[in-house]
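Since the structure comes first, as structure tokens, the remarks are kept for the end.
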Amino acid sequence: MQTNAALDTLRIGKYEFNSRLFVGTGKYPSLEIMQHAHEASGAEVVTVAIRRMHLDDASGKTLVDYIDRKHMTLLPNTAGCYTAKDAVLTAKLAREALGTDLIKVEVIGDPETLYPDTRETIIAAEELVRDGFTVLPYVVDDPIACKRLEEVGCAAVMPLAAPIGSGLGVCNPYSIRLIKERANVPVIVDAGVGTASDAAIAMELGVDALLMNTGIAAARDPVRMACAMRLAVEAGREAFLAGRMEKRLYANASSPMRDLIATKHAERA
């Protein structure tokens with residue numbers, strides 16, 4: 001019998017994925033460990049910072065050569081951009097260099113917190129949508145900003161759970177739930193997930209996928225953590241689809257006395 005997970009396809013624009021875990025490429029102890037972690041994660045999407053890649057490396061080998069493109073879809077991002085203009089130019093470079101219309105738009109507004117600049121993000125997203133890109137914007141956990149990005153044509157929205165690389169987990173579950181409740185496109189929580197329990201909590205809120213990098217790459221054993229994150233995402237998704245029990249203030253017996261008394265009466269009769 002097929003499980004819900006086997007039938008539960010994630011659709012983003014024209015793309016379809018079975019895994020709901022997206023992974024990154026930064027901060028790993030080595031590129032070989034990154035490869036093994038990617039495999040253990042079961043992810044089908046990997047994001048790469050186009051501005052931090054040396055596509056014309058003299059050795060002839062780049063970061064992309066360590067990514068299994070037969071099983072993983074590249075999601076270039078505009079990390080390191082602080083204006084819409086720079087993000088648009090970087091996205092166009094990524095399309096030419098990597099042959100994909102997918103782009104994760106990041107326009108940073110504050111170098112200390114790495115919080116995105118909402119205004120510049122919307123400007124960049126709108127222009128890239130017009131230019132035929134499948135746009136996934138990194139944005140604050142603001143329902144209004146997410147709705148605006150959806151309205152300009154983004155294929156998904158990517159609200160942060162916490163600042164990039166912080167590992168704080170989902171700091172504002174209320175906002176994430178509101179974003180998901182109002183969205184007509186996939187909601188992918190991006191940034192802040194530090195361990196498997198964070199991933200499960202985020203998925204139990206009903207979001208469609210998670211993107212993480214530091215939570216895996218900075219773990220003591222990145223490959224093992226990648227496996228843990230995969231299992232947590234799957235478990236959180238299944239729990240959301242199953243529907244959790246109602247929370248109660250007082251105890252509620254698993255074997256109510258009422259049923260036991262009814263059984264005894266039936267036996268006497």
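The values are calculated or read from the model by the stated rules, or taken from the named source; none is laboratory data. The model shown is predicted, which means the values in this text are computed figures rather than measured ones. Virtual Cβ from ideal backbone geometry, glycine too; neighbours counted across all protein chains shown. Ligands, DNA and RNA are excluded from the accessible area calculation, which covers all protein heavy atoms including side chains. Shrake-Rupley method; radii C 1.70, N 1.55, O 1.52, S 1.80 Å.
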For this session: From R182, R130, R237, grab the single residue that is touching a residue at least 40 places away in the same chain (Cβ under 8 Å), of a type outside the set (A, V, I, L, M) and open to solvent by 10 Å² or more (accessible area, probe 1.4 Å).
Result: R237
Exercise. Looking at A200, A262, which is the one that is modelled with pLDDT of 95 or more and either open to solvent by 10 Å² or more (accessible area, probe 1.4 Å) or part of a helix (DSSP H, G or I) (or both)?
Worked result: A200
For this session: Six or more apart or on different chains, Cβ under 8 Å: which pairs go from a residue in the stretch 70-94 that's closer than 20 Å to A43 by Cβ to one that's among the aromatic types (F, W, Y) and surrounded by fewer than 22 Cβ atoms within 10 Å (Cβ to Cβ)? Could you list them?
Result: T73/Y15; T73/F17
For this session: Answer yes or no as to whether T195 is of a type in the set (S, T, Y), open to solvent by 40 Å² or more (accessible area, probe 1.4 Å) and out of contact with any His (no Cβ under 7 Å at 6 or more places or on another chain).
Result: yes
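Conditions (1) modelled with pLDDT of 70 or more; (2) in a loop (DSSP other than H, G, I, E, B); (3) more than 24 Å from G192 (Cβ to Cβ); (4) out of contact with any helix residue (DSSP H, G or I) (no Cβ under 9 Å at 6 or more places or on another chain), marked per residue:
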site	(1), (2), (3), (4)
S19	yes, yes, no, no
E32	yes, no, yes, no
A37	yes, no, no, no
A40	yes, no, no, no
A43	yes, yes, no, no
V48	yes, no, no, no
A58	no, yes, yes, yes
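Find the residue count for the stretch 87-129, including only residues that are within 18 Å of I144 (Cβ to Cβ) and not in a loop (DSSP other than H, G, I, E, B). Walk me through it before giving the result.
Taking the stretch 87-129 first, the residues within 18 Å of I144 (Cβ to Cβ) are 105, 107, 109, 115-126.
If we keep only those that are not in a loop (DSSP other than H, G, I, E, B) too, we end up with 105, 116, 118-126.
Count: 11.
Return the residue satisfying two criteria in turn: it lies in the stretch 98-121 and is under 28 Å from K14 (Cβ atoms) and open to solvent by 30 Å² or more (accessible area, probe 1.4 Å), and of such residues it is nearest to the chain's Cα centre (by Cα).
Among those residues, the one meeting the criterion is T118.
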For this session: For T121, state whether it is more than 19 Å from T214 (Cα to Cα) and without any contact (Cβ under 8 Å) to a residue 60 or more places away in the chain.
Result: yes
Exercise. With G153, G169, G132 as the choices, which residue is modelled with pLDDT under 95 and not aliphatic (A, V, I, L, M)?
Worked result: G169
Exercise. If a residue has to be of a type in the set (A, V, I, L, M, F, W, C) and at pLDDT below 95 to count, how many in the stretch 109-129 make the cut?
Worked result: 1
Exercise. With respect to L178, is the statement that it is assigned to a helix (DSSP H, G or I) and among the hydrophobic types (A, V, I, L, M, F, W, C) true?
Worked result: yes
Exercise. When residues of the stretch 81-96 are filtered for being open to solvent by 30 Å² or more (accessible area, probe 1.4 Å) and in contact with a helix residue (DSSP H, G or I) (Cβ under 7 Å, 6 or more places away or on another chain), how many remain?
Worked result: 2
For this session: Report whether or not V207 is closer than 22 Å to V105 by Cα and either outside any loop (DSSP other than H, G, I, E, B) or among the aromatic types (F, W, Y) (or both).
Result: no
